[in-house]
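Undergrad: One structure, as structure tokens, below. Some questions next.
The values are calculated or read from the model by the stated rules, or taken from the named source; none is laboratory data. Everything numeric here is computed off the predicted structure, so don't read it as measured data. Positions of Cβ are generated from backbone atoms using ideal geometry, with glycine treated the same way; all protein chains shown enter the neighbour counts. Side chains are part of the model used for accessible areas, which takes the heavy atoms of the whole protein and leaves out ligands, DNA and RNA. Shrake-Rupley method; radii C 1.70, N 1.55, O 1.52, S 1.80 Å.
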Amino acid sequence: MTHLLEINNLDVKFDTDEGRITAIDNVSLTLDQGKVLGIVGESGSGKSVTAKSIMQLNPGNTIYNDNAEIIIDDENVLKFTSKNDLKKIRGGKVSMIFQEPMASFAPAIKIGSQMVEQLMIHKPLDKNKAKNISIDMLNRVGIADAEKRFNQYAFELSGGMRQRAMIAMALSTMPKLLLADEPTTALDVTIQAQVINLIKDIIKEFNMGVIFITHDLGVIAQVADDVAVMYLGSVVERGPVNEILKNPKHPYTRGLLNALPDINNLDAPLTPIPGNIPSPLERPTGCVFRTRCPNPTHDCREGNIEMALIEISPGHWVDKCCINCG
Amino acid sequence: MKENIVSVNNLSVSFDYQENFLSKKQKIKAVNNINIKIKKGSFFGLVGESGSGKTTLGRAILGANKISSGNVIFHDDDRDFDLTTITSKEMKEYRKKAQLIFQDPYAALSPRMTVRDIIAEPLEVMKITTSREETDERVRDIAAKCRLNLEHLRRFPHAFSGGQRQRISIARALVSNPKFIVADESVAALDVSIQADILNLLKQLQQELNLTYLFISHDLSVVAHVCDIVAVMYLGHIVEMAPSRELFSNPRHSYTKALLSSIPSVDPENKSKAIELQGEIPSAMNPPSGCVFRTRCPNPTHDCKEGNIEMGLKEVSPNHWVDQCCVNCA
């Protein structure tokens with residue numbers, strides 16, 4: 001069976017004034033239809049850059065490696081050069097929802113016009129049909145008074161409602177793949193719960209694949225089928241959500257779980273991960289985690305071990321360096 | 001020795017609002033009839049969604065917002081500061097005792113000042129120290145307590161990560177030797193691994209320096225971990241207040257229950273559904289009459305639905321206070 005999305009050996013580098021920065025190093029991921037792949041990691045770990053690479057939304061100074069592949073429907077997205085090809089991906093087969101719903105809508109254009117505009121670019125529809133589909137979509141994501149909201153501006157909607165409208169807009173073109181970049185981070189918990197349930201219902205209804213990026217392991221546990229844990233541009237551990245969260249093997253994954261306040265166990269101490277995430281300009285050689293590893297082996301500390309994921313149980317992949325350390 | 005460090009009595013804060021220059025001036029009540037007492041040495045948590053008035057309450061206690069009615073009294077060892085009648089001279093004195101730590105460590109530090117100057121500035125502005133040597137000594141002392149080393153003091157904020165910056169903000173807040181700290185969403189902008197570090201630091205400093213915190217946060221699991229007592233705010237009112245263990249194990253208000261159930265569990269097998277509240281927090285410009293929660297209450301009584309019940313906290317068990325309307329509804 002072919003996958004909906006296949007990322008193979010992706011490297012992303014940025015050319016900056018201070019030098020060439022490695023943002024993503026040798027990332028390979030797959031996603032099937034109807035599944036949710038969660039990507040977790042701290043700020044600067046390359047979660048968003050990975051997602052943006054799929055739609056080629058990274059800035060002009062981005063350098064992709066030659067042997068990298070991002071395959072959607074048997075086509076390598078990275079080989080697309082013409083605007084028309086990219087259009088098929090951006091908003092067509094793939095849609096993206098962003099963290100800050102206020103910043104994602106144009107402030108001076110009505111929500112409805114923005115929805116209709118993008119729908120007409122991707123589908124051969126006239127204005128009236130596009131309008132009907134948009135209003136129907138707003139209804140489906142649980143916006144009351146959809147017709148009234150259709151004629152309003154983004155500032156007239158509350159945060160939760162804006163995020164719903166954003167989701168409605170992303171779904172109206174019936175994409176096969178939805179990229180959700182921290183879609184609930186800016187929301188209050190009660191609204192976050194509503195949006196998570198909404199996304200879960202939508203996946204069932206539309207049977208699409210979702211990449212869900214977040215730093216919140218609780219949210220991952222509730223929405224994802226598979227998880228990839230990223231650190232400094234590399235995937236350090238990935239596998240089924242249950243396996244990763246209950247039986248984490250990488251010290252970074254364990255560290256993240258230990259640092260999380262657990263409401264059911266108030267006596268547990270909060271254990272921070274020692275040290276700071278290194279600057280991308282000073283990326284460690286060998287295993288990227290070695291500067292913060294609780295008990296590195298000699299070879300690891302010297303940076304002699306190359307990073308590579310190995311499968312320790314079916315579907316559970318861990319960086320090989322850190323299996324020896326942990 | 002006085003037991004409380006801050007008493008807030010029937011405090012209301014409202015802001016003037018005018019839609020455009022022709023329309024009538026309206027008042028928005030951001031904080032409504034709040035009564036709290038903060039015990040010396042406690043870690044007092046304030047939770048609620050955006051727009052619930054947490055920050056306004058914190059700022060009012062620091063004298064940074066005008067108080068519309070009621071009063072706030074800060075009890076120092078030898079004197080009391082009443083913030084409704086405070087003179088500007090007394091205010092200068094009060095500023096040394098009560099300080100604020102901000103949310104965003106990227107915005108709170110001037111990019112053009114060295115870390116040493118940032119931490120020293122309060123001492124110079126408040127004229128606490130008399131010589132440069134004395135200032136330097138105080139700065140080094142507090143920096144060490146916040147785990148910043150001498151090398152760090154010479155650098156500029158851009159060289160630091162989020163967690164280190166937050167430690168600089170904490171050092172700046174503590175350098176004047178305050179007794180009371182308002183920490184407004186001080187860990188919200190940090191990654192989890194660093195958040196744990198800052199929370200542990202705040203706890204440790206509390207013991208070393210005998211501090212009292214008002215800890216404002218929207219993250220219930222963080223509050224549950226660090227606070228001794230927690231007040232839940234909704235639309236300008238405190239709807240429930242209890243020692244944190246009691247509150248989290250035995251919530252009585254439907255809003256608190258909904259908040260607790262909304263926290264996503266890290267256990268993928270625990271798919272217990274969140275109690276979904278209908279709609280969203282109403283606008284403060286046009287709050288519901290009577291109980292402010294009634295528009296989202298899952299099972300309101302008849303009187304509640306009609307808005308006939310006044311809000312007010314009632315003690316349901318020792319130190320556990322719940323809004324009287326919602327005791328009946330739940």
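Undergrad: Look at residue B:246 and say whether it is buried (at least 24 other Cβ atoms within 10 Å of the Cβ) and either of a type in the set (D, E, K, R) or without any contact (Cβ under 8 Å) to a residue 12 or more places away in the chain (or both). Talk me through it step by step, then tell me what you get.
TA: Numbers: buried (at least 24 other Cβ atoms within 10 Å of the Cβ): no; either of a type in the set (D, E, K, R) or without any contact (Cβ under 8 Å) to a residue 12 or more places away in the chain (or both): yes.
So residue B:246 fails the test.
Undergrad: So which helices (runs of 4 or more DSSP H) stay within the range A:237-326 end to end and still have 3 or more residues that are modelled with pLDDT of 90 or more?
TA: Working: elements: A:241-246, A:251-259, A:298-301, A:320-325.
Of the helices (runs of 4 or more DSSP H) lying wholly inside the range A:237-326, those with at least 3 residues that are modelled with pLDDT of 90 or more span A:241-246, A:251-259.
Undergrad: Report yes if residue A:194 is surrounded by 17 or more Cβ atoms within 10 Å (Cβ to Cβ) and within 20 Å of the chain's Cα centre (by Cα), otherwise no. First the steps, then the outcome.
TA: On the way: surrounded by 17 or more Cβ atoms within 10 Å (Cβ to Cβ): yes; within 20 Å of the chain's Cα centre (by Cα): yes.
So residue A:194 fits the description; yes.
Undergrad: State the number of residues belonging to the range B:172-218 that are of a type in the set (Val, Ile, Thr), outside any loop (DSSP other than H, G, I, E, B) and more than 11 Å from every other protein chain (Cβ to nearest Cβ). Let's see the steps before the verdict.
TA: Our first condition is that a residue be of a type in the set (Val, Ile, Thr); within the range B:172-218, this holds for B:175, B:181-182, B:187, B:192, B:194, B:198, B:212, B:216.
Subsequent filtering for residues that are outside any loop (DSSP other than H, G, I, E, B) retains B:181-182, B:192, B:194, B:198, B:212, B:216.
Then drop every residue that is not more than 11 Å from every other protein chain (Cβ to nearest Cβ), which leaves B:181-182, B:212, B:216.
Of the residues in that region, 4 qualify.
Undergrad: Which of the residues spanning the range A:94-114 are in contact (Cβ under 8 Å) with a residue 12 or more places away in the chain and under 20 Å from residue A:182 (Cα atoms)?
TA: A:94, A:95, A:96, A:97, A:98, A:99, A:100, A:101, A:102, A:104, A:105, A:106 - these are the residues of the range A:94-114 that are in contact (Cβ under 8 Å) with a residue 12 or more places away in the chain and under 20 Å from residue A:182 (Cα atoms).
Undergrad: May I ask you to verify whether residue B:197 is open to solvent by 20 Å² or more (accessible area, probe 1.4 Å), within 22 Å of residue B:54 (Cβ to Cβ) and in contact (Cβ under 8 Å) with a residue 12 or more places away in the chain?
TA: Here the answer is no, as residue B:197 does not meet what is asked.
Undergrad: On the basis of being open to solvent by 10 Å² or more (accessible area, probe 1.4 Å), facing chain B (nearest Cβ under 9 Å) and in contact with a Pro (Cβ under 7 Å, 6 or more places away or on another chain), does residue A:266 make the cut?
TA: On the way: open to solvent by 10 Å² or more (accessible area, probe 1.4 Å): yes; facing chain B (nearest Cβ under 9 Å): yes; in contact with a Pro (Cβ under 7 Å, 6 or more places away or on another chain): no.
Taking the combined requirement at face value, the residue does not satisfy it.
Undergrad: Considering the range B:248-287 alone, what residues qualify as being among the polar types (S, T, N, Q), within 24 Å of the chain's Cα centre (by Cα) and modelled with pLDDT of 85 or more?
TA: Of everything in the range B:248-287, those that are among the polar types (S, T, N, Q), within 24 Å of the chain's Cα centre (by Cα) and modelled with pLDDT of 85 or more turn out to be B:249, B:250, B:254, B:256, B:261, B:262.
Undergrad: Within the range A:200-222, how many residues are open to solvent by less than 10 Å² (accessible area, probe 1.4 Å) and either among the β-branched types (Val, Ile, Thr) or within 14 Å of chain B (Cβ to nearest Cβ) (or both)?
TA: 10
Undergrad: Pairs please, first residue from the range B:311-322 and over 14 Å from residue B:229 (Cα atoms), second anywhere and aromatic (Phe, Trp, Tyr) and surrounded by 12 or more Cβ atoms within 10 Å (Cβ to Cβ), Cβ atoms under 7 Å, 6+ apart in sequence or on different chains.
TA: B:313/B:321; B:314/B:321; B:315/B:321
Undergrad: Pairs, please: C-beta under 8 Å, at least 6 apart or cross-chain, first residue more than 14 Å from every other protein chain (Cβ to nearest Cβ) and on the phi > 0 side of the Ramachandran plot and in the range A:275-286, second surrounded by 13 or more Cβ atoms within 10 Å (Cβ to Cβ) and in a helix (DSSP H, G or I)?
TA: Between residues of the range A:275-286 that are more than 14 Å from every other protein chain (Cβ to nearest Cβ) and on the phi > 0 side of the Ramachandran plot and residues that are surrounded by 13 or more Cβ atoms within 10 Å (Cβ to Cβ) and in a helix (DSSP H, G or I), the close pairs are A:286/A:300; A:286/A:321.
Undergrad: If you take just the strands (runs of 3 or more DSSP E) that sit entirely in the range A:1-102, which of them hold at least 3 residues that are within 23 Å of residue A:277 (Cα to Cα)? Walk me through it before giving the result.
TA: Numbers: elements: A:5-16, A:19-31, A:36-40, A:62-64, A:69-72, A:94-97.
Qualifying strands (runs of 3 or more DSSP E): A:5-16, A:19-31, A:36-40.
Undergrad: A follow-up question, please. Tell me yes or no: at least one residue of the range B:153-166 is away from every other protein chain (no Cβ under 14 Å) and either on the phi > 0 side of the Ramachandran plot or assigned to a helix (DSSP H, G or I) (or both).
TA: Yes, because at least one residue in the range B:153-166 is away from every other protein chain (no Cβ under 14 Å) and either on the phi > 0 side of the Ramachandran plot or assigned to a helix (DSSP H, G or I) (or both).
Undergrad: Take residue A:57 and decide whether it is closer than 30 Å to residue A:222 by Cα, open to solvent by less than 20 Å² (accessible area, probe 1.4 Å) and among the hydrophobic types (A, V, I, L, M, F, W, C).
TA: Values: closer than 30 Å to residue A:222 by Cα: yes; open to solvent by less than 20 Å² (accessible area, probe 1.4 Å): no; among the hydrophobic types (A, V, I, L, M, F, W, C): yes.
No.
Undergrad: Mind checking which helices (runs of 4 or more DSSP H) fall wholly inside the range B:219-330 and carry at least 2 residues that are of a type outside the set (Gly, Ala, Ser), within 12 Å of chain A (Cβ to nearest Cβ) and in contact with a Phe, Trp or Tyr (Cβ under 8 Å, 6 or more places away or on another chain)? Spell out how you get there, then give the answer.
TA: Working: elements: B:220-226, B:244-249, B:254-262, B:302-305, B:324-329.
Correct list: B:220-226, B:254-262.
Undergrad: Quick check on my filter: what residues within the range B:153-178 are among the charged types (D, E, K, R) and either closer than 16 Å to residue B:99 by Cα or surrounded by 18 or more Cβ atoms within 10 Å (Cβ to Cβ) (or both)?
TA: Within the range B:153-178, B:165, B:167, B:172 meet the criteria.
Undergrad: Filter the range A:223-263 for residues that are without any contact (Cβ under 8 Å) to a residue 60 or more places away in the chain and within 9 Å of chain B (Cβ to nearest Cβ) and give the result.
TA: Scanning the range A:223-263 gives A:242, A:245, A:246, A:255, A:257, A:258, A:259, A:260, A:261, A:262, A:263.
Rundown of residues vs (1) surrounded by fewer than 13 Cβ atoms within 10 Å (Cβ to Cβ); (2) assigned to a helix (DSSP H, G or I), yes/no style:
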| site | (1), (2) |
| --- | --- |
| B:63 | no, no |
| B:73 | no, no |
| B:78 | yes, no |
| B:106 | no, no |
| B:129 | no, no |
| B:147 | no, no |
| B:151 | yes, yes |
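Undergrad: Testing residue A:108 on (1) assigned to a loop (DSSP other than H, G, I, E, B); (2) among the small types (Gly, Ala, Ser); (3) farther than 28 Å from residue A:248 by Cα; (4) under 14 Å from the mean Cα position of the chain (by Cα), one condition comes back false. Which one is that?
TA: Here residue A:108 clears every test but (4).
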